[in-house]
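Student: Below you'll find the structure I mean.
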Amino acid sequence: MSKVVFKRPRYLRDAVTHYCAGCTHGTAHRLVAEAIEHFNVGEKAVAVAPAGCSVMLYKYFDVDSIEAAHGRALAVGTGIKRARPDLFVFTYQGDGDLASIGLCETMHAANRGEGITVIYVNNAVYGMTGGQMAPTTLLGQRTTTTPAGRCVDNEGHPLRMAEMMATLGGVLYAERVALFDPKQIRRARKAIFHAFEIQIKYNGFGFVEVLSACPTNLRVTPQQSQKWVESEMCKVFPLGLFKDISADTPEKPMPTLEPDPGDADRETCHAI
């Protein structure tokens, strides 16, 4: 008798991926979908995707989703969460989006402690638009806009977002994980699950930075790109937990929105 060893999570669509071969966005998607199913928030989840490699998020997750302008995912997420605090809101963003054009929105939403879960995929390059330098591009790394390699005198140092998040008072949880081998994938799964719990139990801001490979723009094989993440990216972006104060935070579960008693009258009126 055959044994099922792979089961598609309930909220992950059976769709042909647009991601490049060797890209680990698909792995991250599965982990997020598993968390949605585990916590049973699929019917009230709203995914916010900005421009970038994550722009087609609606193709892969069987939950309500909305597209935001480049860099504005957390501004849009804030509006949704404040209007409907009973919804589970998560953003799925890349480094060119979250740490560059959206840095202002990121820092202020985090500092305010908005009840949003952020999945931040860092592949050290602008993946979708041609391989330009990102805020997270490593020193010496060649891109289409730094053909001689990123230079600290011209472009400055890579931004370490997980560490920056940990300094902000509104952030309950910040961790950096990777996807280059099964052990790291299991650790990433645990981190994403905990970030979901941060919103569900504490209505707080949880941040998970996921180191990912972009073999297309690195111009290497998928296997080589994973080795690069392990040997090069992890030097600059060390894996680990940077903040978790949930144990010292009073629980404040997400509210349940009570039906407006006037809804029935309005529906009748509309029908007339």
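The values are calculated or read from the model by the stated rules, or taken from the named source; none is laboratory data. Remember, predicted model here, so these are calculated numbers, not experimental data. So basically every Cβ, Gly included, is an ideal-geometry build from the backbone, and we count neighbours across all protein chains shown.
Student: Does any residue of segment 180-197 turn out to be in contact (Cβ under 8 Å) with a residue 24 or more places away in the chain, closer than 19 Å to Leu218 by Cα and charged (D, E, K, R)?
Tutor: Yes, the conditions are met somewhere in segment 180-197.
Student: Those residues that are surrounded by fewer than 19 Cβ atoms within 10 Å (Cβ to Cβ), farther than 20 Å from Val171 by Cβ and touching a residue at least 24 places away in the same chain (Cβ under 8 Å), I need them from segment 63-86; list them, please.
Tutor: His70, Arg84, Asp86
Student: Restricting segment 105-131 to residues that are over 26 Å from Thr249 (Cβ atoms) and surrounded by fewer than 16 Cβ atoms within 10 Å (Cβ to Cβ), which is farthest from the chain's Cα centre (by Cα)?
Tutor: Gly130
Student: Evaluate the following for Gln93: is it outside any strand (DSSP E or B) and over 16 Å from Met233 (Cα atoms)? Walk me through how you get there before you give the answer.
Tutor: Working: outside any strand (DSSP E or B): no; over 16 Å from Met233 (Cα atoms): yes.
Judged against the criteria, Gln93 is not a match.
Student: Of the numbered conditions (1) at pLDDT below 95; (2) within 16 Å of the chain's Cα centre (by Cα); (3) not in a helix (DSSP H, G or I), Ala21 satisfies every one except a single condition; which is it?
Tutor: Of everything listed in (1) at pLDDT below 95; (2) within 16 Å of the chain's Cα centre (by Cα); (3) not in a helix (DSSP H, G or I), Ala21 misses just condition (2).
Student: Please go through segment 154-176 and give me each residue that is without any contact (Cβ under 8 Å) to a residue 60 or more places away in the chain and either within 21 Å of Leu138 (Cβ to Cβ) or β-branched (Val, Ile, Thr) (or both), ordered by number. Give the steps one after another, and end with the answer.
Tutor: Filtering segment 154-176 down to residues without any contact (Cβ under 8 Å) to a residue 60 or more places away in the chain leaves 154-157, 164, 167, 169.
Of everything in segment 154-176, those that are without any contact (Cβ under 8 Å) to a residue 60 or more places away in the chain and either within 21 Å of Leu138 (Cβ to Cβ) or β-branched (Val, Ile, Thr) (or both) turn out to be Asn154, Glu155, Gly156, His157, Met164, Thr167.
Student: Hey, any hits in segment 100-113 for a residue that's over 23 Å from Lys201 (Cβ atoms) and not in a helix (DSSP H, G or I)?
Tutor: yes
Student: Would you confirm whether any residue within segment 54-61 is at positive phi, surrounded by 20 or more Cβ atoms within 10 Å (Cβ to Cβ) and not β-branched (Val, Ile, Thr)? Please lay out each step first, then the result.
Tutor: Of segment 54-61, the ones at positive phi are none.
Checked against the condition, which is being at positive phi, surrounded by 20 or more Cβ atoms within 10 Å (Cβ to Cβ) and not β-branched (Val, Ile, Thr), segment 54-61 yields no hits at all.
Student: Let me ask you something else. Which of the following residues is among the charged types (D, E, K, R) and under 30 Å from Arg219 (Cβ atoms): Lys7, Lys59? If you could, list the steps in order and put the result at the bottom.
Tutor: On the way: Lys7 fails: under 30 Å from Arg219 (Cβ atoms).
That would be Lys59, the only listed residue that is among the charged types (D, E, K, R) and under 30 Å from Arg219 (Cβ atoms).
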